[in-house]
Amino acid sequence: MRKLLTLSLLIPIALISCKPKEKAEDNSAIQKEVQTYLDGYNAEYQKLVTASSEGQWILQTHIVEGDTMASHNAAIADEAYAKFTGSKTNIETAQKYLAMKDKLTAIQVRQLEYIRYLAGNNPETAGDVVKNRITATNAQVEKLFGFKYTLNGKPVTTNQLDEILRSSNNMNERLAAWTASKEVGVGLKDGLVELQKLRNESVTPLGYSDFFAYLASEYNMTSEEMLELTRSFITDVWPLYRELHTWARYELAEKYNQPVPDYIPAQWLPNRWGQDWTAMVNVEGLDIDPELKKHDAEWVMKQGEAFWMSLGFDALPQSFWEKSSLYPVSADAGYAKNNHASAWHIDLDKDVRSLMSVEANTEWWSTVLHELGHIYYYMSYSNPDVPPVLRTGANRGYHEAFGTMIGLASLQKPLLENQGLIKPGVVTNDTLKLLSEALDYIVHIPWGSGVMTEFEYALYAKNLSPDQYNAKWWELVKQYQGIVPPSPRDEHYCDAATKTHINDDPAQYYDYSISNVLLFQFHDYIAKNILHQDPHATNYWGSKETGDFLRKVMTPGATVDWREHLKASIGSDMSAKPMLDYFMPLMDYLKKQNAGRTYTLPEKPTFN
Ligand code: X8Z
Ligand code: ZN
């Protein structure tokens, strides 16, 4: 830290000393003019975001069959937001001022660039396309989360299906649960076809080639650069993933008393999409599930808050507890809600909420900490130095990173011991612990950077034909994850659309890969430079210094350039090395376990 400070003090001195003699240009008049425009924009933007979020909140927390009011009201607010952010006036004004950006302050330029970016998805010149996209999106959300899942003819929740996939050894039951979880896709296909078209048509008027390119531009990257990055992540983790895949085939075959398959049958894995295999191992002594199950979901929430507070963060505002929708709705409640976890910054200020279906188990424990990461990020950058339009992450991956990092830290042994969540002094197997972490963080990469990213690239950038959706999906699942469906899945299914993000958070799933890479960089930095502990065995609890560091990273929101901010925070560029180093000790172990076994994944990944 001290080094960075000295450096930042040196730069201005160096600049002053070599400043040319002539009088600096006076830009105060134009800066004042631009500021007047920005102040007006920010005020209106904040008002419209609030209305739109409130509309979406009702739509997603209380879905009643046959009710059209919620989506009608949501659409009105969404359209008002789109009309403003995409108005000709705002586009032209932003462009006009950006043409003289040398005369403006850095934070003014950032705001103008973000205004231009926001306009890109809603340009007035796209005509009815934007309005139709809003209607189609809301209809898709209602269908996805209003869907009534059934198992053996009885209503069932996604939490219940997930529990079966995590814990059942009954092959028929597993197959039935997996199959039931994919039914929702059938009714989502037409909507996705429409959205593929409308999303692309929304962004082309302002010069983006397609919707994938639009989302990548928020990182200041082209689609090609983004794919190069996500493919590099896959290449980096591939040797380890290949060992994990081999290990899992043999492990699961033995567990289920089945012949060893070449590719893993999707219904064998403890997750609907095979994106997280953690539940495959139970690390004796470190399993907090029994302890969590002594408590209820409210306790899990409070404990999550307590962890963040131990780092010196504020208590969550009272309104968070009053307005959030944190707990599950039963399958026969008469209404449904979004069953995927999310965090909301309703008014871009103090009104922060989370939408979850928390139960007292390890998966939800990690998810609670993940969502609170978003919430504390919101709270950190809601300050007078960050104008509303820049109240977002340094990049989208940052926003996903810190909560997940706290989730990683929350399950390490010194912390668990200290918190009394496991027996003190218990002997545990460090390798198994590392394996269970790899089954989350490493397994996620071929899924996120491979299947999800490559599918959405094909969908938007390559205009994937609707009669190829399912074929393409399963081709990618086999290629990157080495997973196959229980039986052929024809185009009447739309298995991609069973994944929330395909419908309502499109073309940005690589954020989670970027977040995994970043969080290991930050974790490595914190462990070594703040806590002075082994990154594999840390105890963040109560470390105010860690909290101060995190707050410093989060407080500027998007007023900073994310690459410079990373360099200034941890002294390095984005790199998967800390993640790879972390898991390196596992390679030897897995190679020994896999000795004599047949590998079915190629030694190197292939890209299309
Ligand atoms: O979607 C999420 C978060 C949303 S804020 C719960 N995650 C990805 C997923 O569930 O697919 C977190 C990890 C990956
Ligand atoms: Zn998230």
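A few comments on the model shown:
- Filtered residues of region 452-478 (kept if touching a helix residue (DSSP H, G or I) at 6+ places or on another chain (Cβ under 7 Å) and in contact (Cβ under 8 Å) with a residue 60 or more places away in the chain): 453, 454, 456, 457, 459, 460, 461, 464, 466, 469, 477
- Residues that are in contact (Cβ under 8 Å) with a residue 60 or more places away in the chain and either in contact with a Cys (Cβ under 7 Å, 6 or more places away or on another chain) or assigned to a helix (DSSP H, G or I) (or both) within region 135-153 comprise 135, 136, 137, 138, 139, 140, 141, 142, 144, 145, 146, listed in sequence order.
- Members of region 305-316 found to be assigned to a loop (DSSP other than H, G, I, E, B) and free of Cβ contacts under 8 Å to residues at least 60 places away in the same chain, listed by number: 315, 316
- Residue in region 337-368 that is least open to solvent (accessible area, probe 1.4 Å), counting only those that are more than 23 Å from residue 52 (Cα to Cα) and among the aromatic types (Phe, Trp, Tyr): 365
- Per-region count, region 119-128, residues surrounded by 20 or more Cβ atoms within 10 Å (Cβ to Cβ) and of a type outside the set (S, T, N, Q): 4
- Filter result for residue 82 (under 25 Å from the mean Cα position of the chain (by Cα) and farther than 22 Å from residue 324 by Cα): yes
- Note on region 457-507: residues that are within 15 Å of ligand 1 (Cβ to nearest atom), farther than 30 Å from residue 243 by Cα and in a helix (DSSP H, G or I) amount to 2.
- If you go through region 508-549 and keep only what is away from ligand 1 (no atom under 16 Å from the Cβ) and among the hydrophobic types (A, V, I, L, M, F, W, C), you end up with 522, 526, 527, 530, 531, 537, 541, 549.
- Checked against the criterion of being more than 16 Å from ligand 1 (Cβ to nearest atom), without any contact (Cβ under 8 Å) to a residue 12 or more places away in the chain and not hydroxyl-bearing (Ser, Thr, Tyr), region 319-331 has at least one qualifying residue.
- In region 311-320, the residue that is nearest to residue 53 (Cα to Cα) out of those that are in contact with a Gly (Cβ under 9 Å, 6 or more places away or on another chain) and crowded, with 19+ Cβ neighbours inside 10 Å is 313.
- Residues located in region 257-291, provided they are within 16 Å of ligand 1 (Cβ to nearest atom) and within 25 Å of residue 183 (Cβ to Cβ): 266, 269, 270, 271, 272, 273, 274, 275, 276, 277, 279
- Considering residues of region 321-336 that are buried (at least 16 other Cβ atoms within 10 Å of the Cβ) and in contact with a helix residue (DSSP H, G or I) (Cβ under 8 Å, 6 or more places away or on another chain) only, the residue modelled with the lowest pLDDT: 331
The values are calculated or read from the model by the stated rules, or taken from the named source; none is laboratory data. Bear in mind the structure is a predicted one, so any value in this text is a computation, not a measurement. Every residue, glycine as well, gets a Cβ built from its backbone with ideal geometry; the counts of neighbours run over all protein chains shown. Please note that ligands, DNA and RNA were not included when accessible areas were found on the heavy atoms of the full protein model with its side chains. Shrake-Rupley method; radii C 1.70, N 1.55, O 1.52, S 1.80 Å.
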